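A quick write-up on the structure given underneath.
The values are calculated or read from the model by the stated rules, or taken from the named source; none is laboratory data. Values in this document were obtained by computation on a predicted structure and should not be read as measured data. When we count neighbours, we look across all protein chains shown, and the Cβ atoms used for this are built from the backbone with ideal geometry, even at glycine. Accessible surface is based on the protein model in full, side chains and every heavy atom, while ligands, DNA and RNA are left aside. Shrake-Rupley method; radii C 1.70, N 1.55, O 1.52, S 1.80 Å.
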Amino acid sequence: MVLGNYKSVVAARSADKEILKGAQDGGIVTQLFAYALEEGIIDGAIVAGPSDEPWKPEPVVATTKAELLAARGTKYNLSPNVALLKEATRSYGLDKVGIVGTPCQMQAVRKAQLYPIGMRDVPDKIALAIGIFCMENFSYQSIEAIVEDHCNQKLESVTKMDIGKGKFWAYTERGAVSQIPLKITHKYEQPGCHVCLDYVSNLADVSTGSVGAPDGWSTVFVRTAVGDDVWAKAIAAGCFETKDIADVKPGLDLVTKLATEKITKNQKTLDARATFGVGKGLRNPYL
Amino acid sequence: MVEKITVGHVHLSGCTGCLVSFADNYEGLFKILDNYAELVYALTLVDVRHVPEMDVALVEGSVCLQDKSSVDEIKETREKAKVVVALGGCAAYGNITRFARGGQWNQPQMESYVPIGELIDVDLYIPGCAPTPQQIRNVAIMAYLLLKGTDEQKELATAYLKPLMDLAKRGDEACGCDLMYDVINQGLCMGCGTCAAACPVRAITIEYGKPNVDRDLCIKCGACYAQCPRSFFNFDVMNEFEGITELIKGVME
Ligand SMILES: Cc1cc2nc3c(=O)[nH]c(=O)nc-3n(C[C@H](O)[C@H](O)[C@H](O)COP(=O)(O)OP(=O)(O)OC[C@H]3O[C@@H](n4cnc5c(N)ncnc54)[C@H](O)[C@@H]3O)c2cc1C
Ligand code: SF4
Ligand code: SF4
Ligand code: SF4
C-alpha cells in the first residue's frame, strides 16, 4: 500500500502557459479543476486561497477559473480545506464538489463519505478529490520561523516556497534564493504529521506531486473510476502534455523510496506512542 | 430474497429529528423497508403499543428519570432487542437535553435527562444532531449484512461497524472538548478542518489551522469528534471506499 491503488501513473504538465506561470509544479491541480469546472464535472472546488496574511492560506470555494488561478502554488502550512466541505453544498449550493488536499485531507473526505456522521447529504456530492503528495506540514508560525529566522527573508517578499533536493527553498520577488537544509525544518513540523501513513494521497481520485518528475513537471497517479474518467477526458481535450513515467528521471523509484521512508518512520512513532508513559501509552487512531 | 431483519424505532426524549432523518432517505427508506428491514415498532408509523422482540432497536432521545414509562421502555428495549443503537446525540450523549433543568410546562417536575448508556449497555452509537440520513442508511445496510449476509459480507460489516461500537464503549459524554482531550492533547490533530464542517451549530472555527470550540454554543452532539479522521480511521474499510460506495449504491437501487 506504499503507493496505494492506482490505474495509471504518468509525468504531466498543463498545456496552459498562464496556469503554469504561478503553479507549483506542472499545474495539474489548477488545470484539472479548471477543465472539470468548464465541463460541468464540478460546480466548484475547495482550494487554498490567499488570505490577509502573507502565505497563510484560507480555504475558499472557487467557482471561476480566476479564483483557481489565485489559489495556485504550495503553501507549506495548514489550510483546513475540509472545513468547507459541507458549507460548499450549503451556502454555495454546489451539487458537484471538487476538493484538493493533503493525504490526510483525502482520508477525511473518504471517512466523510463512508461515515457521514456530521456530513448530511455530502457523501454523494464529492465529484473530484485531488490529492497532493505530502511529507509533512507546518503551522503558520513554523513557516514564519523558517522563512524569517532561518532563511532571513520577509514572508511578504517571498514569491515561492519549495521543498526538494533535501532543502527548503524560498524565492523572493527581488530574485534572491534562500535555502536551508531540511534538517533545520524538522523540529518545526506539525506533530500530527508524525503519525501519518500516506505520502501520495492513496485515497484521492487523482493524486499529484513534484517528486519523480523533472522540474516544472508533476507525477500523476490516476486512482479511481471517477479519476480515470476525468483524466481521460482532460487528456483528450488537450489539457496536458504527458510523458511515460518510465522515461523520466528520477521516476517512480524515488517516489517509492520517499513514501516508504515516510511510512516506516511514522509507523515507528505510532509504535513508540503505545509505550510512551510508564505502563501507559498514547492513542492510536488507526486501531 | 432472504428474510429481513426486524427493526424498531424507540422514541424517548428527543425532537423526532432522528426519525425525520431516517425518513429523509426518501425512496431509499422504502427500499430498506421493502427489502431489508421490517419495521416492527415506531410511534405513529406502526400500530404496535408495546416494545416487541426485535433485531435492532434504534433509540432516539435521552431518558427522563422522572418519567416512569421512559425508564421502563429503555429497560425493556435492552431486554428485547439483540442490538441497541443510540440514534443521535440525545440517546448517545444527552445532547441538548443535558441542559434541561425542569420547570417546563406541562411537566415542570421533569428535570433529569440522561443518555441511554447511563441505564443500559448500548451496542452502537450514531452520533450527531440530527444523525444524517446517509449514516443511518449505512448502518442499516451493514446491520443487515452482519445478520443475514455471506461470510465475506459479515466480515465487511463487522469492520465497518466496529468503530461505532467502540464509540458506545468509550462513554456517554461528548462535546467539542473531546477534540482537545483526545486529538490535540494527544498530538494527533493535523488541521484538516473536518470537525468544523461536522458541527451542526457552527461552534467550531479553525484558528491558525487548529479547531477552536465555542463551548457556549456546543450542544454535545458528538459529531465533531466522531467525524475527525484522527478519532478513528480503519484502513480496512476506508481503503475500500470505492467498492463499499458501489455496494451501498447497488443495494439501494
Ligand atoms: C504541505 C505540503 C507538503 C507537500 N509535500 C510534497 C512532497 O513531499 N513531495 C511532493 O512531490 N509534493 C509535495 N507537495 C505537493 C506539491 O507541493 C504541489 O502542491 C503539487 O505538486 C501540486 O502542484 P501543481 O502545480 O499541480 O498544483 P497547482 O496548480 O500549483 O495547485 C496547487 C493546489 O494545491 C492547493 N494547496 C496549496 N497549499 C495547500 C495546503 N497547504 N493544503 C491544501 N491544499 C493546498 C492550492 O490551493 C492549489 O489548488 C506538498 C504540498 C503541501 C501543501
Ligand atoms: S504529513 Fe500527513 S498528516 Fe501531515 S499534512 Fe501531510 S498528509 Fe497531513
Ligand atoms: S462542538 Fe459541535 S459537533 Fe462538537 S459536540 Fe459540540 S455541537 Fe457537536
Ligand atoms: S477533524 Fe480532527 S484532525 Fe481535523 S482539524 Fe479537527 S481535530 Fe484536527
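Surface composition of the protein assembly as shown: carbon plus sulfur atoms contribute 52% of the solvent-accessible area (1.4 Å probe, protein chains only, all chains present).
How far apart, in nm, are two points set 7 Å out from the Cα along the Cα-to-Cβ line at B:Asn106 and at A:Lys257? If labels sit at B:Asn106 and A:Lys257, their model points lie 7.9 nm apart. Note on region A:138-188: Cα-Cα pairs beyond 12 Å make up 57% of the total pair count.
Given region A:188-287, what count of lysine pairs have C-alpha atoms under 22 Å apart, with each pair 8 or more places apart or on different chains? Qualifying lysine pairs in region A:188-287: 8. Site-free segments of chain B were taken between trypsin sites (Lys or Arg not before Pro) in DSSP loops having at most 14 other Cβ atoms within 10 Å, sites themselves excluded; the longest one is B:102-201.
Computed from phi, the 3J(HN,Hα) profile of region A:27-44 under the Karplus parametrisation 6.51, -1.76, 1.60 (θ = phi - 60°) reads x, 4, 5, 5, 5, 5, 5, 4, 5, 4, 5, 4, 8, x, 6, 10, 8, x Hz, with x in place of Gly and Pro. Measuring only protein heavy atoms, the 1.4 Å probe finds A:Arg283 accessible over about 50 Å².
Would the protein assembly as shown count as rounded, prolate or oblate if I go by the C-alpha gyration tensor, calling it rounded below 1.5 in a/c and otherwise prolate when a/b exceeds b/c, oblate otherwise? In terms of gyration-tensor shape, prolate.
Take chain A and mark each of the GluC sites (Glu not before Pro) that is in a DSSP loop with at most 13 other Cβ atoms within 10 Å; the longest unmarked stretch, sites excluded, is A:40-172.
Only the Cβ atoms of Lys and Arg (+1) and of Asp and Glu (-1) were treated as charged; on that basis the dipole of the protein assembly as shown about its Cα centre amounts to roughly 1240 debye. Projecting the Cα atoms of A:Ser178, A:Ser142, A:Val158 onto the dipole axis of region A:138-188, where Lys and Arg carry +1 and Asp and Glu carry -1 at the beta carbon, places A:Ser178 farthest toward the positive end. With K and R counted +1 and D and E -1, the other residues having a Cβ less than 10 Å from that of A:Asp228 yield a net charge of +1.
Within region B:112-143, the residues that become at least 40 Å² less accessible when every protein chain is included than when their own chain is isolated (1.4 Å probe; DNA, RNA and ligands ignored) are B:Thr132, B:Gln134, B:Gln135. Computed with a 1.4 angstrom probe on protein heavy atoms, the A-B interface buries about 4400 square angstrom of accessible area in total.
Prolate is the label for region A:37-166. Its Cα gyration tensor axes, ordered a ≥ b ≥ c, give a/c of at least 1.5 and a/b above b/c. Number of Lys-Lys pairs in chain B under 15 Å by Cα, sequence gap 8 or more or different chains? Within chain B, the lysine pair count is 6. Computed with a 1.4 Å probe over protein heavy atoms only, the accessible area of A:Thr260 comes to about 60 Å².
Placing unit charges on the Cβ atoms of the charged side chains and taking the dipole of chain B about its Cα centre, the candidate lying farthest along the positive direction among B:Thr150, B:Ala203, B:Tyr41 is B:Ala203. About its Cα centre, the dipole of chain A is roughly 840 debye, where the only charges are +1 on Lys and Arg Cβ and -1 on Asp and Glu Cβ. Ordered from largest to smallest accessible area (heavy atoms of protein chains, 1.4 Å probe), the residues B:Glu76, B:Glu38 come out as B:Glu38, B:Glu76. Accessible surface for A:Phe138 stands near 0 Å², nearest 10, in the context of the full protein assembly shown (1.4 Å probe).
The charge dipole of region A:87-223, taken about the Cα centre with unit charges on the Cβ atoms of Lys, Arg (+1) and Asp, Glu (-1), comes to about 200 debye, rounded to the nearest 20. Dipole of region A:195-287 computed with +1 at Lys/Arg Cβ and -1 at Asp/Glu Cβ about the Cα centre; of A:Phe221, A:Ser207, A:Asn266, farthest Cα towards the positive end is A:Asn266.
Taken over region A:138-188, lysine pairs spaced eight or more positions apart, or on distinct chains, with alpha carbons under 19 Å apart number 5. Between B:Lys220 and B:Gly176, the built amide H atoms are under 5 Å apart, and every one of these is 5 or more places off in sequence or on another chain.
In terms of accessible area, using a 1.4 Å probe and ignoring ligands and nucleic acids, B:Met190, B:Met165, A:Met1 rank largest first as A:Met1, B:Met165, B:Met190.
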